[in-house]
Amino acid sequence: MKQKRKNRIVLITGEGKGKTTAALGMAVRAVGHGLRVCVVQFIKRRGDTGEARALAGMPGVETHLCGEGFVTVKSGPVFEAHARAAEAGLLLAAGKLSDPAFGMVVLDEVCGAVARGLLSAAAVSAAVAAAAPGTVIVLTGRDACQELIDLADTVSRIDCVKHGMNDGWPAQVGVEL
């Protein structure tokens, strides 16, 4: 039998659509049970999405956008700006993780930030390890590395079978925005 851990760690990864949606569904469930939730979004910087608007109006939820948008370069000043934003986001997330007032902390797109070299898996693991006892921690993003997969208690992979954007559908309000 596995030793019981102090915190529940859920990781949602894969190439399919719905990783953030699944994590935010968990956040809504947690708020419904009276838990305070903090959502730290790495890479993303748009505050005008439907989920950002909904979460902003939801009591018991705190959200932070800690990204510079899609990462399209692997070095240089633009990459460094992305890395600084991700590092600042992880510092903020570490503070929320260690705060016992939060019952759940979502690190949205953190797996992608690690995969793109903006953060190290060791730094993310250290922040998670220092979380207050009883915290539910949700990690999302494409290309989750083995270290983060091993850290989690529950891992789900969302596969893309078909996506409308490949057939010319633009990002749509209520679906992607």
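The values are calculated or read from the model by the stated rules, or taken from the named source; none is laboratory data. Quick caveat, the model's predicted, so the values are computed rather than measured. Every residue, glycine as well, gets a Cβ built from its backbone with ideal geometry; the counts of neighbours run over all protein chains shown.
Of the residues Val78, Val71, Val40, the single one that is of a type in the set (A, V, I, L, M), on the phi < 0 side of the Ramachandran plot and modelled with pLDDT of 95 or more is Val40.
Scanning region 125-144 for residues that are more than 14 Å from the chain's Cα centre (by Cα) and of a type outside the set (Val, Ile, Thr) gives Ala126, Ala129, Ala130, Ala131, Ala132, Pro133, Gly134. So which of Arg53, Arg8, Arg45 ends up being on the phi < 0 side of the Ramachandran plot and without any contact (Cβ under 8 Å) to a residue 12 or more places away in the chain? Of Arg53, Arg8, Arg45, the one residue that is on the phi < 0 side of the Ramachandran plot and without any contact (Cβ under 8 Å) to a residue 12 or more places away in the chain is Arg53. Considering region 165-174, the residues that are surrounded by 10 or more Cβ atoms within 10 Å (Cβ to Cβ) and part of a loop (DSSP other than H, G, I, E, B) include one that is farthest from the chain's Cα centre (by Cα), namely Trp169.
For every residue, the table says whether it meets (1) buried (at least 16 other Cβ atoms within 10 Å of the Cβ); (2) out of contact with any Leu (no Cβ under 6 Å at 6 or more places or on another chain); (3) of a type outside the set (Asp, Glu).
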site	(1), (2), (3)
Ile12	yes, yes, yes
Lys19	yes, yes, yes
Ala22	no, yes, yes
His33	no, yes, yes
Cys38	yes, yes, yes
Asp48	no, yes, no
Glu51	yes, no, no
Glu68	yes, yes, no
Val71	yes, yes, yes
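Looking at Leu55 and the list (1) farther than 21 Å from Ala131 by Cβ; (2) assigned to a helix (DSSP H, G or I); (3) under 16 Å from the mean Cα position of the chain (by Cα), which single condition is not satisfied? The one condition Leu55 does not meet is (1).
Taken as a whole, the structure leaves Arg5 outside the set of residues that are at pLDDT below 95, over 24 Å from Ala122 (Cβ atoms) and basic (Lys, Arg).
Scanning region 23-42 for residues that are in contact with a Ser or Thr (Cβ under 9 Å, 6 or more places away or on another chain) and not in a strand (DSSP E or B) yields one hit, Ala23.
Please give the number of the condition Thr20 fails out of (1) within 21 Å of Ile149 (Cβ to Cβ); (2) in contact (Cβ under 8 Å) with a residue 60 or more places away in the chain; (3) assigned to a loop (DSSP other than H, G, I, E, B); (4) not acidic (Asp, Glu). Condition (3) is where Thr20 drops out.
Could you check region 100-118 and list, in sequence order, the residues that are surrounded by fewer than 23 Cβ atoms within 10 Å (Cβ to Cβ) and without any contact (Cβ under 8 Å) to a residue 60 or more places away in the chain? If the condition is that a residue be surrounded by fewer than 23 Cβ atoms within 10 Å (Cβ to Cβ) and without any contact (Cβ under 8 Å) to a residue 60 or more places away in the chain, then Pro100, Ala115, Gly117 are the ones that fit. Among the residues of region 150-170, those identified as out of contact with any His (no Cβ under 9 Å at 6 or more places or on another chain) and more than 18 Å from Met26 (Cβ to Cβ) are Asp150, Asp159, Cys160, Val161, Lys162, His163, Gly164, Met165, Asn166, Asp167, Gly168, Pro170.
Within region 119-131, being aliphatic (A, V, I, L, M), without any contact (Cβ under 8 Å) to a residue 60 or more places away in the chain and surrounded by 15 or more Cβ atoms within 10 Å (Cβ to Cβ) holds for Ala121, Ala123, Val124, Ala127.
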